[in-house]
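The values are calculated or read from the model by the stated rules, or taken from the named source; none is laboratory data. This structure is a prediction, so every number in the text was calculated from the model and none was measured. Quick reminder, even Gly has a Cβ in these numbers, built from the backbone with ideal geometry, and neighbours come from all protein chains shown.
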Amino acid sequence: MAERLSARAALALVTDESTFTELPAPSGEFPPDGPLGWQGYDASRARAAERTGEQESVVCGTGRVEGTRAVLIAFEFGFLGGSLGVRTGDRLEAAYAYAREHRLPVVPLVATGGSRMQEGMLALTQLQRVARQSALTREAGLAQIAVLRDPTTGGGWATLGAGADVTLALPGAQVGFAGSRVRPADAEPAAYTAEAQFAAGAVDAVVRPGELRGVLGRWLRLLTRPSGAPAPVPAPLGAPDPPATGWEAVSRARSPQRPRAAAYLDAYFTHRLPLSGDRCGGVDPGMLCGFGEREGRTIAYAAQDGTATRPAGYRTATRLIQLADRLGIPVLTLVDTPGAANDAEAERQGVGAAIADLFLTVAAARTPVTTLLIGEGGSGGALALAPPGNTWATPDSYFSVIAPELAAAILKRPATEIRPTAEQLRLRPQDLAELGVIREDR
């Protein structure tokens, strides 16, 4: 189990020294024992205040994280389990409004057991207030980066945590919608951890406490630098000359020695941070997504790594491009896949819908999307990442409506006709340029 930090300790962990300034708490009258007249509620609040030194379950303010100013919201679990009540909602709403007014990113440091029972449904409706504030902040083009502490459960997880643009978690933190006292008796505790949520694609990274300020600071810098200029096209890392034949193009693209996406990303970026998972229970290691720095600019990336892309991969790329579009950050996509995964499990996971969503996201993006074909470009599963009119190709790549072997099979041609079929498909980079599918200029 992770160490349970107080709100002030969590703030000290992530903010630069002496930079945190608490925002004034909204004022207002509160009826005796709260809106439900819950007997003993005032006494419970008084004991919580004496024990923690706080007047509510959240501490809100501004501070710098590795030099970047942000609005920080730190939950105090020692105050009635970090639960959300009406006064909590007042503070959260004021903090988000301040962030929008001053154009600052929002960093919730979450540690909560959920909504406050002593305030009944009025407490639960604070989740609607939080969701509204989060939506307004998204519309304003401001980043939200959540840090999950121990525990993060209930509505706090389902809004401030899972609803953030980027979600980081401390090792061993209890994370899940169901708190420990309301789960089924036979529930497996390991499923309700930061590590399990990372494996399921709901958390982007599990970060050790000593590294949290540095990682959070890098994320804040990356996500607060909009730019209208397109991402530069990466230089080819493999073969310098175009292939002589269609089959040579296919053979080059399939060669194990050809540079893959990770090599291109390492050469392109000074440093980068990954987004992980589709927020629907899936992770595809063959789709590398994240944000990186190049020549002082932030560029988002979604890169296929040579495998058949799973539905989770397409959904993660969609998530990445939508986030970059909201923040005004240009996108680089690298295409390299034999095609979309076509097994039964991929169909059950909605591969067609996942590809459709990615096509629509790329088509609707207002931020520029630059694409480089670096290997295989297998059918619609590859084309979904490529915007029309802004796609390039390396000399060791090909793009095709279908693989030559499958085309020959559909046409009932013998195996000896596979290579001529590759010629007919006109899939070489120079063919694609002549057809207007890719650009030649750089």
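Things worth noting here:
- Note on region 235-307: enclosed strands (runs of 3 or more DSSP E) holding 1 or more residues that are surrounded by fewer than 19 Cβ atoms within 10 Å (Cβ to Cβ) and in contact with a strand residue (DSSP E or B) (Cβ under 9 Å, 6 or more places away or on another chain) are 271-275, 287-294.
- Qualifying residue in region 351-368 (condition: in the same structural domain as P274 (by TED's automatic domain parsing), touching a residue at least 60 places away in the same chain (Cβ under 8 Å) and out of contact with any helix residue (DSSP H, G or I) (no Cβ under 8 Å at 6 or more places or on another chain)): yes
- When region 382-407 is filtered for residues that are crowded, with 22+ Cβ neighbours inside 10 Å, touching a helix residue (DSSP H, G or I) at 6+ places or on another chain (Cβ under 7 Å) and farther than 17 Å from S255 by Cβ, the ones remaining, listed by number, are A384, L385.
- Any chance L427 is within 31 Å of the chain's Cα centre (by Cα) and surrounded by 20 or more Cβ atoms within 10 Å (Cβ to Cβ): no
- Across region 335-380, the number of residues qualifying as buried (at least 19 other Cβ atoms within 10 Å of the Cβ), of a type in the set (A, V, I, L, M, F, W, C) and in contact with an Asp or Glu (Cβ under 7 Å, 6 or more places away or on another chain) comes to 1.
- Residue among L432, L332 that is crowded, with 24+ Cβ neighbours inside 10 Å, in a helix (DSSP H, G or I) and in contact with a strand residue (DSSP E or B) (Cβ under 7 Å, 6 or more places away or on another chain): L432
- The set of residues from region 193-250 being within 20 Å of G292 (Cβ to Cβ) and among the hydroxyl-bearing types (S, T, Y) comprises T224, S227.
- Hey, G282 under 25 Å from A354 (Cα atoms), touching a residue at least 12 places away in the same chain (Cβ under 8 Å) and touching a Phe, Trp or Tyr at 6+ places or on another chain (Cβ under 7 Å) or not: no
- L160 being crowded, with 17+ Cβ neighbours inside 10 Å and in contact (Cβ under 8 Å) with a residue 60 or more places away in the chain: yes
- Answer from P256, P285, P236, P274 - the residue that is in the same structural domain as A403 (by TED's automatic domain parsing) and over 22 Å from the mean Cα position of the chain (by Cα): P256
- Being out of contact with any helix residue (DSSP H, G or I) (no Cβ under 7 Å at 6 or more places or on another chain), more than 19 Å from V130 (Cβ to Cβ) and in the same structural domain as R218 (by TED's automatic domain parsing) holds for only one residue in R47, R87, and it is R47.
Results for (1) surrounded by fewer than 15 Cβ atoms within 10 Å (Cβ to Cβ); (2) under 22 Å from T153 (Cα atoms), shown as yes or no for each residue.
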| position | (1), (2) |
| --- | --- |
| E3 | yes, yes |
| V14 | no, yes |
| E29 | yes, no |
| A46 | yes, no |
| G67 | yes, no |
| I73 | no, yes |
| P105 | no, no |
